[in-house]
Amino acid sequence: MSWRSSFRCSKFRHVFGKPSTRDHSYDGVPITRSVHDNHYCSVNPCFIAVVTECAGGGSFLVLPIHHTGRVDPQHPRVCGHSGRVLDVKWNPFDDHCIASCSEDCTVKIWDIPVCGVQQNLTKARKTLIGHSRRVGLIEWHPTAENLLLSSAYDYKVLLWDVSQAGSVLRHPVRVVLMPVYHRYPSDMLLLSVSFNSDGSRLAVTSKDRRVRVLDPRTGKILQVSSSKSHRANKVLYIGSLKMLLSTGSSPWNHRQIVLWDPDDLSEPLYEEDLDGSAGVLFPFYDPDTNMLYLAGKGDGNIRYYELSTEKPYINFLTEYRSLLPQKGIARPGRERLARYRFTLSFQSGVFQEDLYPMTAGNQAAMTAQEWLSGINRGPVLMSMKPGTRVANPYPETPAEKGLPIISLEAFLEEQLAYQDAKYLREVSDLSGWQPDETQIPLWTYCCTPHCCEPAERPPPTTESELLQAFYRQQDEIRGLREQLNQKDARITQLELEIKNTRNNMRATF
């Protein structure tokens, strides 16, 4: 073994994990008892989704991030699948859109209301029907809008454009892998998938426990690893360092982490045996800090590493230990927003660029059609510093017309007033619309069922009253939006009534 210095310059040597208190955690969630090797949860800056146990179908729970504490056992769920839900993934460019796959052989795209799921959600926006057996994996494209990859136990890997018209899609835009002459080799059944930073390459692990690098547009296999010294289970692209990382086991059944050169999988760059446990190791990588997190299903610890381009490439930092075993793991995207606001509040506005570098934003770099035509683009980066304006490197992209600059303040404004960002695009031009100043304020309501005059009430003083007022406002907005969507039919109906009235008057005189 080569000598390794114990002294190394790092700004993450003292990183540590701390469990949340009961008031700031989610208690009472009926987590699924499925043995499928998946995360079973997904999180974004607005919501957390957890696959739950249920009888007679499949469902998952969607909770707002701030909805901590004990969860009501009868809390509404997303329950449109007829089989167990096996994977859920949030759309990286729409915090209110989530995809789910199930044992019922379908993939569904759901729209989550701004105020969360207030009643059982059974109708999906899109249903993707292209697999003949259970769908075990789904993954959104990292830079192209509306592209979703699905892998199933029918040995097919399909790429869907969910922006296509129709509520049911039966034909994918690309078939990445599929059986040839009805043969089902083990290398076609995928255990894990990972796109590189611009989505031009796809790394997969298969049932034969090898790592492969594919061209996702054509399905052509570019590199294949050897399974003699490492049996891979999960794979992850380390885009900023141009490496691949896989977790699995050695010939002696020791859990391993292995680093690869994605252009040459003949020999690994680095191997390390961890322990003799049997649980699957899930890797999570933070490209902004080059930190790697390893969490095993059934384990009570999470290991932290720092990756670099210099040997030995990977350096152990520390680990978080808990007495409770882990069932599912998820890493939030753009999670540094909350942490950054916390830091500023205690450091008098001092901005630390080394801790908060440019990060991938919530805007797509291109459309699905542009990527399918052969264009490759990296993610659109956003600044974490308030007031900093960052020029969009792809201003000509149709998906980003009208959004030439991305900043932290713009992102926060979009999240706090999402109905303006999401729904005003769907209605007609409202430039001439003027607000009705006689409209009932948020804090007034009718006390009796037959009351015609609104009764005034003081503003909400507690969080519960504020939430109730917020939900009432969302119901009003939803009703007004439905009326606005039906305006054309209502106008046609009124014109027909006027015409009939005139004809009757002429017949009378």
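The values are calculated or read from the model by the stated rules, or taken from the named source; none is laboratory data. For clarity, every value in this text was computed on a predicted model and none was experimentally measured. We place every Cβ from the backbone using ideal geometry, glycine too, and count neighbours over all the protein chains shown.
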Can you pull out the residues in segment 338-386 that are modelled with pLDDT of 65 or more and surrounded by fewer than 13 Cβ atoms within 10 Å (Cβ to Cβ)?
V350, E353, D354, S373, G374
For segment 95-129, what are the residues that are in contact with a helix residue (DSSP H, G or I) (Cβ under 8 Å, 6 or more places away or on another chain) and either among the acidic types (D, E) or modelled with pLDDT of 95 or more (or both)?
D95
If you take just the strands (runs of 3 or more DSSP E) that sit entirely in segment 51-142, which of them hold at least 3 residues that are of a type outside the set (K, R) and in contact (Cβ under 8 Å) with a residue 40 or more places away in the chain?
58-64, 78-81, 85-90, 97-102, 126-129, 135-140
Looking only at segment 51-102, how many residues end up being within 17 Å of the chain's Cα centre (by Cα), of a type in the set (D, E, K, R) and within 20 Å of P113 (Cα to Cα)?
3
State which residue pairs qualify: first residue farther than 14 Å from F284 by Cβ and of a type outside the set (F, W, Y) and inside segment 324-337, second residue at pLDDT 75 or above and surrounded by fewer than 16 Cβ atoms within 10 Å (Cβ to Cβ) in any location, beta carbons under 6 Å apart, and separation of 6 or more residues or different chains.
P325/G298; P325/G300; K327/I31
Can you tell me how many residues in segment 20-46 are in a loop (DSSP other than H, G, I, E, B) and surrounded by 11 or more Cβ atoms within 10 Å (Cβ to Cβ)?
13
For segment 81-126, how many residues meet the condition of being surrounded by fewer than 17 Cβ atoms within 10 Å (Cβ to Cβ) and touching a Leu at 6+ places or on another chain (Cβ under 7 Å)?
0
Answer from N91, N120 - the residue that is more than 23 Å from N38 (Cα to Cα) and touching a Cys at 6+ places or on another chain (Cβ under 9 Å)
N120
Breaking point among (1) among the charged types (D, E, K, R); (2) part of a loop (DSSP other than H, G, I, E, B); (3) crowded, with 20+ Cβ neighbours inside 10 Å, for D154
(3)
Scan segment 129-150 and give yes if some residue there is surrounded by fewer than 19 Cβ atoms within 10 Å (Cβ to Cβ) and of a type in the set (G, A, S), otherwise no.
yes
Having 2 or more residues that are under 16 Å from V157 (Cβ atoms) is the bar; report the strands (runs of 3 or more DSSP E) wholly within segment 174-257 that clear it.
174-177, 190-195, 202-206, 211-214, 221-224
Under the condition of being over 17 Å from R212 (Cβ atoms) and among the hydroxyl-bearing types (S, T, Y), which residue from segment 234-257 is surrounded by the most Cβ atoms within 10 Å (Cβ to Cβ)?
S249
Could you pull out the residue among R201, R210 that is in contact with a Ser or Thr (Cβ under 7 Å, 6 or more places away or on another chain), under 28 Å from E271 (Cβ atoms) and among the charged types (D, E, K, R)?
R210
Within segment 258-335, strands (runs of 3 or more DSSP E) holding 3 or more residues that are among the aliphatic types (A, V, I, L, M) and surrounded by 15 or more Cβ atoms within 10 Å (Cβ to Cβ)
291-296
